[in-house]
Amino acid sequence: GLLEKCGGNLSHLISDAATMQLIRWTDGGFGMAAHNYDGDMLTDQIAQVHRSPGFITSNLVGVSDDGSLIKEFEASHGTVTDLWLDHLDGKETSFNPLGLVEAMIGAMQHAAHLDATANPNDSMKQEVNEKVKKFT
């Protein structure tokens, strides 16, 4: 898992130090937890440094009161609500299509996992879950 790839260490970094570390860690194998604004800023900076077309998503993870895992996936660079409201106001909006594809795959994988977990004896739901896992 993630902890093995990072040597079992979790580091607390301020934003500018995190940016420099993310630039240096080019072989992947790391995760990042950040407040919303910090995460947006860091992913934008890293995308610019590596000349990425925006293949970055924001993935919010939490636990509900009943203990089930909650995941929310969003293409970075603005929320869907913000973009929709700007569109309704007649403003030009920008879109992150590759980030949206990545966010949709994450959402589909999580939905298939929840469905398969809730229906362990349904072979069709198990099959869909296995197929969706192969998207990435």
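The values are calculated or read from the model by the stated rules, or taken from the named source; none is laboratory data. All values reported here derive from a predicted model rather than from experimental measurement. Heads up, the Cβs are rebuilt from the backbone with ideal geometry, glycines too, and the neighbour counts pull from every protein chain shown. Note: accessible area is taken over every heavy atom of the protein model, side chains too, but ligands, DNA and RNA are not part of it. Shrake-Rupley method; radii C 1.70, N 1.55, O 1.52, S 1.80 Å.
A few comments on the model shown:
- Modelled spin-label separation between Gln126 and Thr93, with each label point placed 7 Å from Cα along the Cα-to-Cβ direction: 4.1 nm.
- Taking all protein chains as they are arranged and a probe of 1.4 Å, the heavy atoms of Trp25 leave approximately 90 Å² accessible to solvent.
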